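Below is one structure, written out as structure tokens; comments come after it.
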Amino acid sequence: MWGLERDFNKCRASKSHQADIFKFDFDTWKIGNKGALLFLHGSPVCVDASFAKAKKKRDHVQCLRHMEKCLSVIEKLKPTLFCVEAPRPNVITQLEPMSLLPYSDTSFCMWGTPFKKGTRFYNSFGLKLERCNHKKHDVRLGGNYNGRAGFFNKSRRKGQIPRPLAEAIFAQASAALELLEGPKTEERDRLSFLVKRANEALQKTVARMKAEIARHLRQRIERGLDPEQPTTEDGEPAEVTNKKKALVKPDATDSLQAPARKKTRGTLRAHRDHRSRGPGGQGY
């Protein structure tokens with residue numbers, strides 16, 4: 001078992017290899033690992049694909065690049081089976097090219113989380129997962145998180161695949177691999193046909209995603225923009241959020257007066273300590 005993760009903390013927790021998928025040399029890795037790759041799962045970055053991010057701030061090309069790169073790696077390494085995660089709904093799941101790939105939908109609430117979080121798994125082996133059947137959830141992602149934002153407003157808690165769900169995917173993938181390696185049966189033939197159709201759909205999807213990225217890059221050039229300048233799905237320049245506070249230039253009258261100083265908590269604590277002491281600085 002081998003994993004690739006960009007974030008150091010996630011890499012350390014999952015005991016994966018730390019690298020950037022856009023810079024990692026998969027050709028060299030493929031030569032050094034001549035054994036057949038049985039199963040490959042991908043969870044590409046979905047920040048610019050999320051509807052939680054305002055449309056005018058989403059970099060559509062970057063959104064496409066993450067998914068296209070993930071699918072291209074699968075096409076290059078040619079695993080026996082593959083699975084790719086995408087939160088649902090988002091920009092990716094609504095793209096026409098992605099409709100070619102077979103998928104299974106589920107929600108994290110069906111696997112132990114108090115929030116829903118719909119998720120789609122594109123796969124090549126007929127993955128079967130349960131959809132949400134709850135009328136209400138204890139925690140709603142977004143807003144004040146039902147008063148529990150301090151705990152659940154963390155990417156590692158919102159985005160991490162629940163362990164029971166990961167185990168279910170792995171178990172079904174393992175069963176499919178065992179079936180493919182077994183004797184010829186009608187069930188095995190159906191699965192082989194499903195895998196073949198999924199791989200053909202994968203190739204077409206990668207080609208269409210690359211064409212879509214190239215089209216958006218041409219639009220940037222035609223509009224006189226830098227090819228790497230973030231643009232929205234409509235081709236307009238994306239708004240960049242500047243988290244730094246703007247510096248306010250003081251007026252002439254303000255510059256003559258020193259700003260009033262506030263007593264800090266440490267200063268107040270020092271005053272309380274001083275009042276609690278007796279003559280000679282000794283405590284009562």
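The values are calculated or read from the model by the stated rules, or taken from the named source; none is laboratory data. Note that the coordinates shown come from a computational prediction; the quantities given were computed from them, not determined experimentally. With ideal geometry, Cβ positions are generated from the backbone for all residues, glycine too; neighbour counts draw on all protein chains shown.
If you go through the range 5-30 and pick out every residue that is in contact with a helix residue (DSSP H, G or I) (Cβ under 7 Å, 6 or more places away or on another chain), modelled with pLDDT of 75 or more and under 15 Å from P44 (Cα atoms), you end up with 2.
Conditions tested, residue by residue: (1) over 23 Å from the mean Cα position of the chain (by Cα); (2) under 18 Å from L95 (Cα atoms); (3) buried (at least 17 other Cβ atoms within 10 Å of the Cβ).
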residue: E181; (1), (2), (3): yes, no, no
residue: R188; (1), (2), (3): yes, no, no
residue: S192; (1), (2), (3): yes, no, no
residue: M209; (1), (2), (3): no, yes, yes
residue: Q229; (1), (2), (3): no, no, no
residue: D234; (1), (2), (3): no, yes, no
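Conditions (1) among the charged types (D, E, K, R); (2) farther than 24 Å from L129 by Cβ; (3) in contact (Cβ under 8 Å) with a residue 12 or more places away in the chain, marked per residue:
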{"residue": "R148", "(1), (2), (3)": "yes, yes, no"}
{"residue": "I169", "(1), (2), (3)": "no, no, yes"}
{"residue": "A176", "(1), (2), (3)": "no, no, yes"}
{"residue": "L180", "(1), (2), (3)": "no, no, yes"}
{"residue": "L194", "(1), (2), (3)": "no, no, yes"}
{"residue": "R197", "(1), (2), (3)": "yes, no, yes"}
{"residue": "A201", "(1), (2), (3)": "no, no, yes"}
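Could you tell me whether L100 is touching a helix residue (DSSP H, G or I) at 6+ places or on another chain (Cβ under 8 Å), under 20 Å from V206 (Cβ atoms) and surrounded by fewer than 19 Cβ atoms within 10 Å (Cβ to Cβ)? Answer is yes for this residue. Taking the range 64-95 as the range and being assigned to a loop (DSSP other than H, G, I, E, B) and within 23 Å of L129 (Cα to Cα) as the test, the residues that pass are P79, T80, R88, P89, N90, V91, L95. Being among the aliphatic types (A, V, I, L, M) and at pLDDT 90 or above is not true of L141. The residues in the range 46-62 that are outside any loop (DSSP other than H, G, I, E, B), closer than 14 Å to L95 by Cα and among the hydrophobic types (A, V, I, L, M, F, W, C) can be counted, and the count is 2. I need the full set of residues from the range 97-114 which are touching a residue at least 60 places away in the same chain (Cβ under 8 Å) and not in a helix (DSSP H, G or I), in order please. Hits for the range 97-114 are L101, P102.
What do you reckon, is A86 surrounded by 16 or more Cβ atoms within 10 Å (Cβ to Cβ), under 23 Å from A176 (Cβ atoms) and not polar (S, T, N, Q)? For A86, the condition - surrounded by 16 or more Cβ atoms within 10 Å (Cβ to Cβ), under 23 Å from A176 (Cβ atoms) and not polar (S, T, N, Q) - is met. Scoring F121 on the criteria (1) part of a strand (DSSP E or B); (2) at pLDDT below 90; (3) among the hydrophobic types (A, V, I, L, M, F, W, C) leaves a single failure, condition (2).
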